[in-house]
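Undergrad: Here you go, one structure.
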Amino acid sequence: RCYAFLPYAAVAIPRRVGLKNIWAETALAGLLGTFLWGLLDQVGLKQLWWTWHNDEPLYADRNFGVPIASSFWILSSVASLSFLMRVVENFTPFEKVPSILLVPYSVLIGLSANLLLMHIPFNLLYHPMATMLGLPARYPFDLLRVICLLRVVFSEIFLYGRKRATDSSFGFSSSISLGVFVYVLSILSIALFFDPTLVRRASFGQPLSVDPAECVSSTEASFWGAFQRRRFVCRVTDEDGTGGAEALRDNYDFSCLAYKALPSSEDPASLSFYEVCGTPTPPGWTLYVCGMAVFLLSLVVAAERVQGIKGAAEKKTL
């Protein structure tokens, strides 16, 4: 359900505010999207709900284990979806689309935004800076976030925020905004009170190798031949035979498993479906997650405030 709610909330909240400028609406949607997904990415990885390939060159630069390229993709795709929906609606409002065509019409917009339009920020910022010049992926990502933030600040959110509306009350008047609040509270509860070292994850994943030579030398192509990456996860045992594996940036190892439970070359199936163990929270991670939550809720509250002031102004004109 999160996968449906997060992009919907990121696009719906700016549209509900009714920003006149399409770029301000696009920027706000992109920021909401990247922080909504950013919380889920960080907590989900720490709780081992998923992992990323640990040797993908495009994922080399990471933020507490989350590939920055993935975060850039979220920002770009959500902003593209918001932009395209606004452009299309200016020509053909959704209420004028026949109901039988509404689903394929929406699917076409979504595919166009996420398969075509989202590549523009990648080709303008990410690939020139990170792929071609070799700069840290954080540079294009932070640059895009700053551009979006500045566009939002100098929009109606900033202008209306400076006004006073004595007959408007604060509150989550939208069920979407209320849903975001509940979502953030739930994610923070998991981040603060669920110990990741108690997590055990058994599933299919990146193939594992117990042969050190094979682990280092065996590679495969990725992204349609654009990159070469190491094929296997490597298991490293301690001298006493009880140990774990290199945690890399993946927030897991094998240190919690008894020696007999470790994957073995004598059992080929265990090299595809195997168990891993959660690792301790790194310094600064909790503060970072809480900071994202505060910033996200600040954006939502600002949007609610603008909506409340606009609603009060409309009542006065009636």
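Undergrad: As a test question: what accessible area, to the nearest 10 Å², does Cys215 have when a 1.4 Å probe is rolled over all protein chains in place?
TA: 0
Undergrad: Let me ask something additional. With the dipole of segment 1-81 worked out from charges on the C-beta (+1 for Lys and Arg, -1 for Asp and Glu) around the Cα centre, which of Leu31, Asn63, Trp50 lies farthest toward the positive end?
TA: Leu31
Undergrad: As a test of reading the structure, rank Met118, Met85 by solvent-accessible area (1.4 Å probe, protein chains only), most first. Write out the running numbers ahead of the final one.
TA: Working: Met118 5, Met85 40 Å².
The ranking, largest first, comes out as Met85, Met118.
Undergrad: Follow-up. Starting from the residue with the highest accessible area, list His127, His119, His53 in decreasing order, probe 1.4 Å.
TA: Output order, biggest surface exposure first: His119, His127, His53.
Undergrad: A further question follows. Could you put Met292, Met132 in order of accessible surface area, largest first, with the 1.4 Å probe and the full protein assembly present? Intermediate values should be presented prior to the final figure.
TA: Numbers: Met292 15, Met132 150 Å².
Order by accessible area, largest first: Met132, Met292.
The values are calculated or read from the model by the stated rules, or taken from the named source; none is laboratory data. Just so it is clear, the structure is predicted and the values come from calculations on it, not from any experiment. Counting neighbours? That spans all protein chains shown, and the Cβs are built from the backbone with ideal geometry, glycine included. The area values use the complete protein model at the heavy-atom level, side chains included, leaving out ligands, DNA and RNA. Shrake-Rupley method; radii C 1.70, N 1.55, O 1.52, S 1.80 Å.
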